[in-house]
Amino acid sequence: MPEKQILTQIEGIIIYRNFVKNLPYNSSLIPLTKDKRKLFILSEVLFWQQVRNKNFYQIDFDRQRIIGNYIVDFYVKTLVLVVEIVGLSHDIKKKYDLKRTNFLENLGLKVFRISDWDVKHNLTVVMKNLEHFIIDHYSS
């Protein structure tokens, strides 16, 4: 069994890298990802400001990443972690979101969901919750 590689530490707790090889990728979605990046959705911009350039514990986040036939808001390749910001539109498409989450989890990915409202009004709490999620899922 290969030795676990250390990614970072959060609150003094070692966080280990996680890998999933060969994620499915629908290249026809590339133009849509570029369009989505240009929308400047406030909650996504606010979150991105917290995590871009490895500002969050030296963890590298990708924005608008294609996985299969889906585009996820944020993806951490070294943890196989998807971060989804859930807005009001998600209330209407619960079946779609469930199918999407099941697809991602069946690939071995973890999904951390946060509300658009919380990002806009409780960003410090959101980031603390993300810390705890990472500790819970990637520290042992």
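Quick look at the values:
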{"quantity": "Filter result (at pLDDT 95 or above and either within 17 Å of the chain's Cα centre (by Cα) or surrounded by 12 or more Cβ atoms within 10 Å (Cβ to Cβ) (or both)) within the stretch 1-13", "calculated": "LEU7, THR8, GLN9, ILE10, ILE13"}
{"quantity": "Tally, over the stretch 27-86, of residues that are modelled with pLDDT of 95 or more, part of a loop (DSSP other than H, G, I, E, B), touching a helix residue (DSSP H, G or I) at 6+ places or on another chain (Cβ under 9 Å) and open to solvent by 60 Å² or more (accessible area, probe 1.4 Å)", "calculated": "4"}
{"quantity": "Residues of the stretch 128-140 satisfying the condition of being over 12 Å from the mean Cα position of the chain (by Cα), touching a residue at least 24 places away in the same chain (Cβ under 8 Å) and in a helix (DSSP H, G or I)", "calculated": "GLU131, ILE135, HIS137, TYR138"}
{"quantity": "First in the stretch 8-23 and within 25 Å of ILE71 (Cα to Cα), second anywhere and outside any loop (DSSP other than H, G, I, E, B) and among the small types (Gly, Ala, Ser), Cβ under 8 Å, 6 or more apart", "calculated": "LEU23/GLY68"}
{"quantity": "Residues satisfying the stated conditions in the stretch 14-26, i.e. surrounded by 14 or more Cβ atoms within 10 Å (Cβ to Cβ) and either among the polar types (S, T, N, Q) or over 18 Å from LEU109 (Cβ atoms) (or both)", "calculated": "ILE14, ASN18"}
{"quantity": "Tabulated pairs, the stretch 94-121, first within 14 Å of TYR70 (Cβ to Cβ), second in a helix (DSSP H, G or I) and open to solvent by less than 40 Å² (accessible area, probe 1.4 Å), C-beta under 6 angstrom, 6+ apart or interchain", "calculated": "ASP97/HIS90; VAL111/THR101; VAL111/LEU104"}
{"quantity": "Some residue of the stretch 97-118 being modelled with pLDDT of 95 or more, crowded, with 17+ Cβ neighbours inside 10 Å, in contact with a helix residue (DSSP H, G or I) (Cβ under 6 Å, 6 or more places away or on another chain) and part of a loop (DSSP other than H, G, I, E, B)", "calculated": "no"}
{"quantity": "Any hit, the stretch 10-17, residues being part of a helix (DSSP H, G or I) and among the small types (Gly, Ala, Ser)", "calculated": "no"}
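The values are calculated or read from the model by the stated rules, or taken from the named source; none is laboratory data. In this text, all values refer to a predicted model and were calculated from it rather than measured experimentally. FYI the Cβ positions are ideal-geometry reconstructions off the backbone, even for glycines, and counts take in every protein chain you see. Protein only, heavy atoms only, side chains kept; ligands, DNA and RNA dropped before computing areas. Shrake-Rupley method; radii C 1.70, N 1.55, O 1.52, S 1.80 Å.
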